[in-house]
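In what follows, a structure is listed as structure tokens, so that the remarks can point back to it.
The values are calculated or read from the model by the stated rules, or taken from the named source; none is laboratory data. For clarity, every value in this text was computed on a predicted model and none was experimentally measured. Cβ: placed from backbone, ideal geometry, glycine included. Neighbour counts: every protein chain shown.
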Amino acid sequence: MFYEAKEGKVEVGKTDMDYVTFGKGEKVFILIPGLGDGLKTVKGTKIFLARMYKLFAKEYKVYVFSRKNHIEEGYSTRDMAEDQKIAMENLGIKNAYIMGISQGGMISQYLAIDYPQMIDKLVVGVSVSKQNDIMQKVIKSWIILAENNDYRNLIMDTMEKTFTEDKLKKYRVFYPLFTRVGKPKNFKRFIIQANACLNHNTYDELDKIKCSTLVIGGDSDKVVGKKASKEMAERINKSKLIMYKGLGHGAYEEAKDFNQQVLSFLMS
């Protein structure tokens with residue numbers, strides 16, 4: 001049922017990392033989620049994730065990884081990539097297709113740069129390779145809300161910045177529910193991960209990525225800006241760029257053909 005979805009933990013150094021797995025394929029497809037992982041890991045979401053990414057379940061053994069459960073101050077996106085590599089090795093995964101969304105895309109860039117032997121093909125969605133004023137302003141405002149324990153406005157602003165007006169019309173009625181459910185005991189994990197976003201910079205190393213890469217963005221992205229995806233694609237040699245008109249940071253959810261585009265790329 002639900003594509004044999006299971007939850008697990010894998011040892012990473014002195015701590016562990018939550019993951020969800022589903023699907024029946026022989027090849028491995030790994031998904032690395034965004035900054036929302038700082039508020040809640042993938043634990044307890046196996047059915048939701050299996051449904052959201054069911055298109056991949058026939059062809060691949062799918063894994064969705066969180067960051068490790070105990071993270072330290074100064075933990076960088078490069079450190080996250082190293083820990084992701086350790087988690088893969090400890091699960092016996094020698095090589096995989098990788099898709100990173102938002103901060104997950106930052107992590108996946110470093111995976112491809114530092115551990116090229118572990119990646120067959122790479123998908124980077126609504127992400128960034130270097131800093132820009134839009135991203136700095138947005139992430140810093142979220143850090144301030146987190147430091148003030150203001151979960152309500154953090155969730156609302158995240159959604160307002162992520163989705164288009166058409167999607168928000170459906171979501172706003174649920175804000176009272178969304179802003180009461182899922183609040184973490186503290187925001188340390190989120191703040192550390194958010195600071196990692198603010199310090200991420202792979203731009204000058206993107207030419208080290210040798211695998212075929214699909215870069216996907218939206219031309220109305222209010223989180224990382226509309227130029228970020230194009231900047232990456234121009235620096236990665238074997239890259240293809242898809243830009244969704246009228247969509248923003250939530251293109252991975254709002255674009256009806258997003259998963260099909262990814263699947264077609266992986267199987268090409």
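Of the residues screened, Y53 is one that is farther than 17 Å from Q103 by Cβ, under 17 Å from the mean Cα position of the chain (by Cα) and at pLDDT 95 or above. Pairs linking a residue in the stretch 140-154 that is in contact (Cβ under 8 Å) with a residue 24 or more places away in the chain to a residue that is not in a helix (DSSP H, G or I), with Cβ atoms under 6 Å and 6 or more positions apart or on different chains, are A146/F187; Y151/K183; R152/T179.
Counting only residues that are among the polar types (S, T, N, Q) and either buried (at least 16 other Cβ atoms within 10 Å of the Cβ) or touching a Ser or Thr at 6+ places or on another chain (Cβ under 8 Å) (or both), the stretch 217-267 holds 5 of them. Against the list (1) in a helix (DSSP H, G or I); (2) under 22 Å from K140 (Cβ atoms); (3) without any contact (Cβ under 8 Å) to a residue 24 or more places away in the chain, the condition K161 fails is (3). The set of residues in the stretch 91-124 being assigned to a strand (DSSP E or B) and under 22 Å from I191 (Cβ atoms) consists of G100, I101. When D16, D37 are checked against the criterion of being surrounded by 14 or more Cβ atoms within 10 Å (Cβ to Cβ) and under 17 Å from the mean Cα position of the chain (by Cα), D37 stands alone in meeting it. The residues of the stretch 1-55 that are part of a loop (DSSP other than H, G, I, E, B) and either in contact (Cβ under 8 Å) with a residue 60 or more places away in the chain or among the hydroxyl-bearing types (S, T, Y) (or both), listed by number, are G13, P33, G34, L39, K40, T41, T45, Y53.
Restricting attention to the stretch 209-248, the residues being under 25 Å from A194 (Cα atoms) and of a type in the set (K, R) number 5.
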